[in-house]
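Asks: Got a structure for you, written out below as structure tokens; questions coming shortly.
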Amino acid sequence: MKRFVSILTLAVSAAIFAQSATAASNAAASNPAKVADLHFLAGHWEGHVDTTKIEQTCSATDPAVMICMFQLTGDKGTEMVEFYTIRDTPTGVEERIRFFSTDLKEQPGDGVTMKLTSLTPTTLVFENPDGTYPKRSTITRSGDTAFHNHIELVDAQGKASAIDADWKKTN
């Protein structure tokens, strides 16, 4: 009889554990990442790619949409301007990027759409489901006021390259 009670206890415990694991898995699936999880990106950031200065400013007024402006400044002044949004969508967090000349003429094309595919307390990964330029962008936080961005690119000929940027928050 004791053995039967032990086996029954073990079976009930296993069933409760399985239900708990399933509930936790369902909760994670029904609670995907949100723009609000990326709040650390709000504010003004300055950084560099080799010797080229970069800066961006992101708003956090709306918890479901972050609007950002990016500027790259080289030896000849501003060389690149981007505007992008990071927003909640029914399929997860999405980053949409548009490129402009310095006089705000939009560059041809539809821009780039990246999907947030991974989020941990220190790392977030965006991937381009429709292209390879860029293919992936990985942001690794080193606290609330600094992060490293590694952007993977694959050109039309299949040649891979990367851009690495270090960022510091200025406000």
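The values are calculated or read from the model by the stated rules, or taken from the named source; none is laboratory data. Small disclaimer: the values here were computed from a predicted structure and weren't measured. Using ideal geometry, Cβ is built from the backbone for each residue, glycine included, and neighbour counts are taken over all protein chains shown.
Asks: Restricting the search to segment 39-76, which residues are touching a Ser or Thr at 6+ places or on another chain (Cβ under 8 Å), among the hydrophobic types (A, V, I, L, M, F, W, C) and closer than 15 Å to Asn171 by Cβ? Reasoning before the result, please.
Replies: Let us first name the residues in segment 39-76 that are touching a Ser or Thr at 6+ places or on another chain (Cβ under 8 Å), namely 42-46, 52-55, 65-69, 71-74.
When the remaining residues are screened for being among the hydrophobic types (A, V, I, L, M, F, W, C), the result is 42, 45, 54, 65-69, 72.
Those that are touching a Ser or Thr at 6+ places or on another chain (Cβ under 8 Å), among the hydrophobic types (A, V, I, L, M, F, W, C) and closer than 15 Å to Asn171 by Cβ: Ala42, Trp45, Cys68, Met69.
Asks: Within segment 43-63, how many residues turn out to be at pLDDT 95 or above and either under 20 Å from Ile151 (Cβ atoms) or in contact with a helix residue (DSSP H, G or I) (Cβ under 9 Å, 6 or more places away or on another chain) (or both)?
Replies: 9
Asks: So, in segment 86-101, of the ones that are among the β-branched types (Val, Ile, Thr) and outside any loop (DSSP other than H, G, I, E, B), which residue ends up farthest from Asp37 (Cα to Cα)?
Replies: Ile97
Asks: Take the conditions part of a strand (DSSP E or B) and hydrophobic (A, V, I, L, M, F, W, C) and apply them to Leu104. Does it pass?
Replies: no
Asks: Give just the number: which of (1) surrounded by 15 or more Cβ atoms within 10 Å (Cβ to Cβ); (2) closer than 21 Å to Tyr133 by Cβ does Arg87 not satisfy?
Replies: Every listed condition holds for Arg87 apart from (2).
Asks: Within segment 127-134, can one find any residue that is closer than 21 Å to His48 by Cα and modelled with pLDDT under 95?
Replies: yes
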